[in-house]
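Since every read-out is calculated from the coordinates, none of them should be taken as a lab result. All values derive from a computational prediction rather than experimental measurement. Cβ sites come from the backbone with ideal geometry, for glycine too, and all protein chains shown count toward neighbours.
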Amino acid sequence: MGTIGATTPFIGLFGTVAGIMRSFRDLGLDVGSGGAGNTAAVMTGISEALITTAGGILVAVEAVILYNYFQTRLARIAIEMRLLAEEFIELLRERPVGVASSSSAEPSALASSVETRAEGA
């Protein structure tokens, strides 16, 4: 998205340059063939230039908006993941050393086994 947002204005600019070049070529052909060089000779090229410029700007604006939106979402997700990881590490540090982790053990059973070991020692 960032690349699209950064490059499409240049594509639009290229279209502008190509349209203006066409306008001058048409103007030169008109004058070369005995025409007066009026505005009708350049209108097609200029309209192409404006259409390409507008298209490039439109795509660039949309791409930059979407890029910024997704960057903001990713930043929020990264912060949430970091906080969850810190919380998980803190829980691991608080866990008693002698207790084996078991997915089937309930917290109350785990606490009573810790108390029993402490009394027996």
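General observations
- For segment 24-94, the equivalent ellipsoid derived from the Cα gyration tensor has semi-axes of 63, 8, 4 Å, listed largest first.
- Förster radius 25 Å - calculated FRET efficiency between ILE46 and PHE70, Cβ distance, rounded to 0.05: 0.10
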